[in-house]
1. Would you check which residues across region 264-283 are within 16 Å of residue 234 (Cα to Cα) and either without any contact (Cβ under 8 Å) to a residue 40 or more places away in the chain or in the same structural domain as residue 354 (by TED's automatic domain parsing) (or both) and list them?
2. With within 30 Å of residue 192 (Cβ to Cβ) and surrounded by 14 or more Cβ atoms within 10 Å (Cβ to Cβ) as the only criterion, which of 211, 292, 288 stands out?
3. List the number of the failed condition for residue 216; all other conditions in (1) within 24 Å of residue 97 (Cβ to Cβ); (2) in contact (Cβ under 8 Å) with a residue 24 or more places away in the chain; (3) in a strand (DSSP E or B) hold.
4. What are the pairs with Cβ atoms under 9 angstrom where one residue, in region 453-476, is in contact (Cβ under 8 Å) with a residue 12 or more places away in the chain and at positive phi and the other, located anywhere, is loosely packed, with under 15 Cβ neighbours inside 10 Å and not in a strand (DSSP E or B)? Sequence gap at least six, or different chains.
5. Name the one entry in 125, 150 that is assigned by TED's automatic domain parsing to the domain that holds residue 83, touching a strand residue (DSSP E or B) at 6+ places or on another chain (Cβ under 7 Å) and modelled with pLDDT under 95.
6. Need a quick list: strands (runs of 3 or more DSSP E) entirely within region 141-196 having at least 3 residues that are closer than 19 Å to residue 105 by Cα.
């Protein structure tokens, strides 16, 4: 019966392989006869060392214990799994340790699946092709030291990995200097590490390349970069040139040096002996000069220690000395007054300025009068003190300020001390009596104990005119002034004498100005007519009417009115009318004795004549 069943199974099974996309294959039975129902197996190319898995189902009589065997095509023992009576599925996994030692980048394996019963009566086979690819080795490498000198050696250390555990390898080290390469072969079981050393004969930048090749032409590469330097030449011939300076001023330090290594960069370190912070200057490759400035706040002798260091660390040092000169303080002296009276005090204001930040100062103030000098320490800024002068005279105050380095600044200020003033006194004035129209003379005299005083005399006439001012020189104590009084009356004349200090004395006197007689007034009127530049006939006619009588005044007034604006100008008419009014008063003429009509049209200005 088993033989019959076997024939029936073989005859009834047909297998078809259909690709289910790029990575799978399926096996399917065409009938319900015993056989594989499906096998799911990714046939996409895999890398060596990668795990692959096959899953399958099949149909089989219920009373049979099936077996499934898979042969991975590696030549190694196949795998067989015995399933339970009713188990109709299986799973197999496998890792390809290598793509096969064929020396090619990839190899193809035939994977065979076999389904059979426990007695070997049924044996159904299905195959699939699987490509296993080689994986190139992964390489790491370090080089020490990364920077070295000519003739020194570098040591490179590295390792590599490869999932193909059966691969063999060849390692080649290229030193990058056209020297012979370092080569080493590795078996599959050998430790995958390498170490080698190499000397460099020339300066430059080099790249060390490690190339690892497996037996299937896979290549892995690692690189390291080296800098090989020539022997360093230290900097030489350091020359330092310091400039002079004054306190709180900047000095300049210029420097130069030489270095045979033109590619070296340099650092210049400066340490100052004045306690200020150190400095550092960075110089680019090829630069062998430098310049810097430094502020010295105090005078004295100071040094700068200079060290030039090249890139590899070689140095040269030197010292520069600076002479920092002291600056004398600047002194100002001001007085509260340029002059004063003996016995009074003056305030002296002293100012001190100095560029020295830490300077101290001593003030010596001489008051110029033989008294003790004021000596005391002061600070920069201002200082004030007062001093009284007991006696008159011309004085010079002197302020001298000395700093701690001996620098001296001086300032002076003049002061006039005047004696106390004595007011003028004993003023006596007098004036002679005059007739109206006459000139009065006011005379006066006074006393002043200060013989050197000058004086100003102000005379008030009290007639409505301006005062008269006289200036008297030193020692002059008498004066006189004149003034014309045109109106009769009694006048109180005043005089005030003031000295240069403002002290004064005043006095008054009475002046009597008598009125003129009518005859004198008539004579004056005649003289006025004769002085006018009139036509001969007009002048003669007017003179003929002048008389010391009220009736004559009336006749003359009528004539003047008739000629006003014609033969007589308005001004001439006014002058004549004024004189006639005086005569009328002197004669006690009744009101309205004469009147002069004003001209409607002004004429030319009167012409004065010298005719009598």
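1. Residues of region 264-283 within 16 Å of residue 234 (Cα to Cα): 264-269, 283.
Matches in region 264-283: 283 only.
2. Step by step, each of 211, 292, 288 is checked, and only 211 is within 30 Å of residue 192 (Cβ to Cβ) and surrounded by 14 or more Cβ atoms within 10 Å (Cβ to Cβ).
3. Unmet for residue 216, out of (1) within 24 Å of residue 97 (Cβ to Cβ); (2) in contact (Cβ under 8 Å) with a residue 24 or more places away in the chain; (3) in a strand (DSSP E or B): (3).
4. 475/451; 475/452
5. Working: 150 fails: assigned by TED's automatic domain parsing to the domain that holds residue 83.
Going through 125, 150 in turn, the sole match is 125.
6. Details: elements: 147-149, 153-161, 169-174, 182-186.
Result: 169-174.
The values are calculated or read from the model by the stated rules, or taken from the named source; none is laboratory data. Predicted, not measured: the structure shown is a model, and the values here were computed from it. Cβ: placed from backbone, ideal geometry, glycine included. Neighbour counts: every protein chain shown.
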